[in-house]
Amino acid sequence: MQNSTLSFHERSVSELQQWLNEGKTTSYELVSFYFEQIAKHNDRGAGLRAVLEINPDALVIARQLDKERSETGARGPLHGIPVLLKDNIDTADHMHTSAGSKLLEHSYAKADAPLAENLRKAGAIILGKANMTEWANFMTEGMPSGYSSRGGQVLNPYGPGVFDVGGSSSGSAAAVAANFVTVAVGTETSGSILSPASQNNLVGIKPTVGLISRRGVIPISSTQDTAGPIARTVQDAAYLLEALASKYEQDPVTLTQPEQPNYQDALQKDGLQGLRIGLQWEPFFSSLDEEKQQLLQRALDVCTEHGALLDKEAALQKPEKPWGADVLIYEFKTALESYLRTLDPSLGIRTIEDIMAKHHEDPNALLRYGQTLFEQTSKTSGTLTEPEYIESLLFDQRNTREEGIDKVLRERNLDLLVYPNNYGAMIPAKAGYPSITVPAGFTKAGEPVGITFTGPAYSEPLLIQAAYAFEQATHFRRAPQLSMG
């Protein structure tokens, strides 16, 4: 029986596992607690709208995993731990996968995404699907972060209707922040994990493209997409990353990854000692208002106080032409239409043009903010043969990798780079390189601020090391105060 003195609020994976192994509680009771939190705060009161649907099998799965634990022990750190998935990740169960679009609100995936299969093997309980910015914020320009036609507007629990919730993994982040779930999975093309994690006082890991299979994830870009963890602590994010990472032959980029390390080994309280970190004040830190600059300066001071060496002259080389979104515009049609072919034919959606036409059948519900990006990508061939695409792809990768991050790290003898929030996300996103964001405090008005570390390909252990040491030195994480309204 559950110890009545226990509180699941803000508990880490390690704390929950200890209680579960000691018989002080059960996964069934843990799932029940999260369901109660969702009932109280998702659609009434604060009305966060972070969760689109819950898994009708979650309580049954919890009982089964409790039984397995009592008979043979836990499979690992995620055994019996609830996880929420962003609504663009396929699950072959009684839940839908819609990318937040009402057009796909009745769409069932035929198979688990490999990352969902990995979670099940690890003993995690898929609690439900999280709301998100519709089509991962690649439907139109000007759509608010966290808005979807299927789920409405996700709100930031630290200031519902006041502070930006971040996008596009908005629901995943708001749900973890509000204690609707232990940990969650988001996806990122350019900032979509780092942004909501920073805005919701959380840890977010945007992994190297290739560490986690993208199969079964409604896509934007074949060269930039990746899933990744969102959690309240660095350790919890590391546990989730270990479960998500794997090689998968049908996603060839995963075959580039080295042998997977034990990310728990990177959890070192003195992990900042001796690290050489490049600081790009212009244009990222300098673009903040004075209060946020002071908060980030304090965060940087923490790094140096704990042994890190900051290089304030570590500027990336400015490319010969401005950065653009051509790669995403061209890849979106090819990637999305490949996914659409896996859907039930009765939905009548096989192409970008099909989606656009159906939007016009109910414009009040489906075209609240337009579809300008769909219109742009529909004009591409879908073959990726256009010179503009090929030139943009090679330009982006050259200027973010060998002439960008790799070059500045090598020439300045650096280990990592540092940014505020997700403001530097675009460059490692184009490179396919990893980043981790960790809470760095709050403004006087209560808005969360994050600090983000970026490194070269497959530098996740070093990123986790730096973020963990910073987290342990500061403990900026605090829960939001939710109102029942």
Filtering region 322-360 down to residues that are over 18 Å from residue 381 (Cβ atoms) and polar (S, T, N, Q) yields 342, 346
Just to be sure before I move on: is residue 343 under 28 Å from the mean Cα position of the chain (by Cα), open to solvent by 20 Å² or more (accessible area, probe 1.4 Å), of a type in the set (A, V, I, L, M) and at pLDDT 95 or above in the structure I sent? no
Determine, yes or no, whether residue 310 is within 17 Å of residue 409 (Cα to Cα), of a type outside the set (Ser, Thr, Tyr), in a loop (DSSP other than H, G, I, E, B) and open to solvent by less than 80 Å² (accessible area, probe 1.4 Å). no
Cβ-Cβ under 9 Å, sequence separation 6+ or interchain: first residue in region 297-326 and basic (Lys, Arg), partner not in a helix (DSSP H, G or I). Which pairs? 298/440; 298/441; 312/278; 312/279; 312/280
Taking region 183-192 and the residues there that are under 20 Å from residue 430 (Cβ atoms) and in contact (Cβ under 8 Å) with a residue 60 or more places away in the chain, the one that is surrounded by the most Cβ atoms within 10 Å (Cβ to Cβ) would be 186
Test of understanding: among 273, 268, 297, 280, which residue is within 24 Å of the chain's Cα centre (by Cα) and open to solvent by 50 Å² or more (accessible area, probe 1.4 Å)? 268
Kindly indicate whether any position in region 167-182 is at pLDDT 95 or above, of a type in the set (S, T, N, Q), open to solvent by 10 Å² or more (accessible area, probe 1.4 Å) and within 27 Å of residue 242 (Cα to Cα). no
With the checklist (1) modelled with pLDDT of 95 or more; (2) closer than 29 Å to residue 479 by Cα; (3) open to solvent by less than 70 Å² (accessible area, probe 1.4 Å) in hand, flag the one item residue 305 doesn't pass. (3)
Are any residues in region 463-485 of a type in the set (A, V, I, L, M, F, W, C), under 15 Å from residue 437 (Cβ atoms) and open to solvent by 20 Å² or more (accessible area, probe 1.4 Å), and if so, which ones? 476
Take the residues of region 357-373 that are hydrophobic (A, V, I, L, M, F, W, C) and farther than 13 Å from residue 149 by Cβ: which is surrounded by the fewest Cβ atoms within 10 Å (Cβ to Cβ)? 357
If only one of 231, 197, 243 is closer than 27 Å to residue 120 by Cα and either at pLDDT below 95 or open to solvent by 10 Å² or more (accessible area, probe 1.4 Å) (or both), which one is it? 243
Boolean, residue 423 is among the aromatic types (Phe, Trp, Tyr), over 17 Å from residue 295 (Cα atoms) and surrounded by fewer than 24 Cβ atoms within 10 Å (Cβ to Cβ): no
Search result, residues across region 402-431 that are within 23 Å of residue 253 (Cα to Cα) and over 22 Å from the mean Cα position of the chain (by Cα): 402, 403, 404, 406, 407
So, in region 389-403, how many residues would count as being closer than 30 Å to residue 353 by Cβ and open to solvent by 90 Å² or more (accessible area, probe 1.4 Å)? 2
Please indicate, with yes or no, whether at least one residue in region 124-139 is surrounded by fewer than 20 Cβ atoms within 10 Å (Cβ to Cβ) and part of a loop (DSSP other than H, G, I, E, B). no
For residue 272, only one of the following conditions fails: (1) assigned to a loop (DSSP other than H, G, I, E, B); (2) over 20 Å from residue 420 (Cα atoms). What is its number? (2)
Go over the candidates 49, 44, 75 one by one and state the one that is out of contact with any Ser or Thr (no Cβ under 8 Å at 6 or more places or on another chain), basic (Lys, Arg), within 30 Å of residue 254 (Cβ to Cβ) and open to solvent by 50 Å² or more (accessible area, probe 1.4 Å). 75
From the list 49, 11, 44, pick out the single residue that is closer than 18 Å to residue 179 by Cβ and at pLDDT below 95. 44
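The values are calculated or read from the model by the stated rules, or taken from the named source; none is laboratory data. Just so it is clear, the structure is predicted and the values come from calculations on it, not from any experiment. Backbone-built Cβ (ideal geometry, glycine too); neighbour counts: all protein chains shown. Heavy atoms of the whole protein, side chains included, go into the accessibility calculation; ligands, DNA and RNA do not. Shrake-Rupley method; radii C 1.70, N 1.55, O 1.52, S 1.80 Å.
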